[in-house]
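Working notes for the structure below.
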Amino acid sequence: MSNTIPSQRRVLSPVAQRQYESPEPERMTIMKYITSRISTLKPPMEKVDNPFTLLAMLNMQQWLFFFVGFLAWTWDAFDFFTVSLTITQLAETFNKTNTQITWGITLVLMLRSVGSITFGIAADRYGRKWPFVVNNILFIVLELATGFTQTYKQFLACRALFGIAMGGLYGNAAATALEDCPEAARGIVSGIMQQGYAFGYLLATAFARGLVDTTSHGWRPLFWFGACPPVLIIIFRLCLPETKSFKEREAVRIANGNLTATFVAEGKVALKKHWLILVYLVLLMAGFNFMSHGSQDLYPTMLTNQYNFSPNAVTVTQVIANLGAMSGGTIIGYSSQIFGRRFSIIFICVIGGALLYPYTFTSSHAVIAAAFFEQFCVQGAWGVIPIHLMELSPGSFRTFVVGTSYQLGNLVSSASSTIEATIGQRFPLPPKISGKKEIQRYEYGKVICIFMGCVYAYTIFLTLVGPERRGKLFGVAHDSDMAVVAGSETVEKALRRRQEEGIDVAEMGGEKMAISRAEVA
C-alpha cells in the first residue's frame, strides 16, 4: 500500500518539511547532547511572514477555537488575581495578616495540579469540549461561593476547590487554541494566546478598582462579578465542534477496535518513551511560575505598603505593566518562530534580570516605565511557552502534559507570595498611621529583587539544557506513539476513510506519511 494520502498539496515551511522527513529527534549520547546545547542555541533565522500575513492563515474555525481558548484563559487569570488584588481588604474582613491571606493564593496553586491531571486525562480521552464546559461551570459555582464566605476557613476551602477547577483549564485552552493552528503562525498565536493571562490581570485590576470598596459589600462584588462571564464562554464553546486533530486521533482509536484500550496503550508508550521530557517540563515550568508569581503577586502590596502608592496609582501601574506583558508575549512569541524557542526565552530573561533593580527600588511614579518593561520580559518569555510545551509533548496526551507540567510547576512555586511576604517581615520599615490604626511596613522590594534574580538564573539554565522541537506537526499521521500502538496501516486507513467521507485531514498535504512501517519497527 502506498504511504501517500492524496490531498490538495500545500507549501510547507523548511521546518515543517524537515518534520515530514524526520518526525522524531535524532537519538544521541548524553555527552553529545550536552555539548550540543550551545551550538543548537544558534538562531535559525528562518524567514517568517509579517504578523498580519501569518494571522490571515487561520480560517474562521481556527479563529473561533483561538478566541474561546483565549477568553477562557483570560478569565482563569482574572479569577486568580481577584485574591492578589484584595489581600488588604480580605485581611481586614477575616482579621488576619497579609501573610495568612496569601495562603489563599498558595492553596490555589498547590491544588491546580489535581485539576490538570483530572481534566487533562478527560480531555485527551473524551475530547476538548465537555471537560472545558465542566471547568467553567465549576468556576461559576466556586467564585460565587468565595464572594459569600463569612470565615477564614470557608475562604480557604473555596480557594482550594477553586484551584482544582482552575488547574484543568490551561492545557485544554492551549490545545483548543493551537492544535489546529497553521505551523507558520504558531509562534505569534502562542504569544497572543498566553497573554490572556496578562489581559485577565489587567481586567482584574480595572474591575477591582471599580467594584472593591465602592459599595457596602467591600471586596465581595469583585468575586460575584467574576462568576458571570464564564456563562458566555460556556455558550461559545457549546457552539463549536471538537478540534480536527482530536477527531483524527479518535478516528484512529475507533479503527483500532477499542477506544479505551487504545488510549491506555498510548499512555504506556508515552510514559515509557517520554518520561524524561515530562520531568524536564515540570522543572522548567516551576521556573516560569516562580518568575510570574514572584514578580506579580506581592507587587501591588509592595507599592501600597512600602512606597505608599494610592489605590489609583497602583491601578495605573498595574494596567501599564500588563500592557507591557501583552506586548512582550506577542512580540517574543512571534520572534521565537525566527530565532528559536530556547534562544528567545534566554535572551528576554537576561533583559528582565537587568531590569529588576528599577522595577523594585523605584519609589516614585516613574516605576511605571520599569513595570512596563519588566512585565514585557516576564510575559515575553511566557509567550513562547504554550507552543513550546505543545511541541515537546507526546501527541496522545498533549492536553494532559501541557496542563499538568504547567500546574505541577505551579505546585512547586505555589508558596512564592508567602515566601516573599514572610522574608519581607525580616526587613521592617517605620510603620504608618491610618486613622487610629498603625500599619506595619516592610521592604518587600529588596526581597522581590533578590528572589527574582535567582529565578531568572534557574530558568535560563533549564532552558539552555533542554530540547526544542520547533515546527513539530501535530496531526496523528506524524505521531510515532500512535503508530506503535495501532500500527501505521491502521493510521493510514483511518485517515483515508475520513478523506473519502469528504473530511479534510490536518497536515496531510500530499507528502509522505511521517511514520513509516520501518520507523515503527
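The values are calculated or read from the model by the stated rules, or taken from the named source; none is laboratory data. Because the structure is a prediction, the values reported are computed rather than measured. Reconstructed Cβ throughout: ideal geometry from the backbone, glycine too, with neighbour counts over all protein chains shown. Accessible surface is based on the protein model in full, side chains and every heavy atom, while ligands, DNA and RNA are left aside. Shrake-Rupley method; radii C 1.70, N 1.55, O 1.52, S 1.80 Å.
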Positions within the range 235-244 being over 20 Å from the mean Cα position of the chain (by Cα) and in a helix (DSSP H, G or I), in sequence order: ILE235, PHE236, LEU238, LYS244
Of the residues LEU203, LEU222, LEU240, which single one is open to solvent by less than 20 Å² (accessible area, probe 1.4 Å), under 20 Å from ASN322 (Cβ atoms) and modelled with pLDDT of 85 or more? LEU222
Could you grab me the full set of residues in the range 347-375 that are open to solvent by less than 40 Å² (accessible area, probe 1.4 Å) and in contact (Cβ under 8 Å) with a residue 24 or more places away in the chain? ILE348, CYS349, GLY352, GLY353, LEU356, TYR359, THR360, VAL367, ALA371, GLU374, GLN375
Which ranges mark the helices (runs of 4 or more DSSP H) fully within the range 92-157 that have 2 or more residues being among the small types (Gly, Ala, Ser) and free of Cβ contacts under 8 Å to residues at least 60 places away in the same chain? 103-126
Number of the condition not met by GLY147 [criteria: (1) surrounded by 24 or more Cβ atoms within 10 Å (Cβ to Cβ); (2) more than 21 Å from MET57 (Cα to Cα); (3) modelled with pLDDT of 90 or more; (4) not aliphatic (A, V, I, L, M)]: (1)
Hits in the range 398-428 - residues which are open to solvent by less than 50 Å² (accessible area, probe 1.4 Å) and over 20 Å from GLY287 (Cα atoms): ARG398, THR399, GLY424
Subset of the range 466-487 [among the charged types (D, E, K, R) and assigned to a helix (DSSP H, G or I)]: ASP481
Hey, among the residues in the range 308-319 that are modelled with pLDDT of 90 or more and buried (at least 19 other Cβ atoms within 10 Å of the Cβ), which one's nearest to the chain's Cα centre (by Cα)? THR317
Restricting attention to the range 175-200, the residues that are in a loop (DSSP other than H, G, I, E, B) and open to solvent by less than 10 Å² (accessible area, probe 1.4 Å) number exactly 3
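A quick yes/no check of all residues on (1) open to solvent by less than 10 Å² (accessible area, probe 1.4 Å); (2) among the small types (Gly, Ala, Ser):
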| residue | (1), (2) |
| --- | --- |
| GLN100 | no, no |
| ILE105 | yes, no |
| LEU111 | no, no |
| ALA123 | yes, yes |
| ARG128 | yes, no |
| ILE140 | no, no |
| TYR152 | no, no |
| ALA160 | no, yes |
| ALA173 | yes, yes |
Against the definition (within 26 Å of TYR406 (Cβ to Cβ), open to solvent by less than 20 Å² (accessible area, probe 1.4 Å), at pLDDT below 85 and assigned to a helix (DSSP H, G or I)), how does GLY69 come out, yes or no? no
In the range 211-223, is there at least one residue being within 30 Å of ILE345 (Cβ to Cβ) and of a type in the set (Ser, Thr, Tyr)? no
Residues of the range 233-256 being acidic (Asp, Glu) and free of Cβ contacts under 8 Å to residues at least 12 places away in the same chain, which ones? none
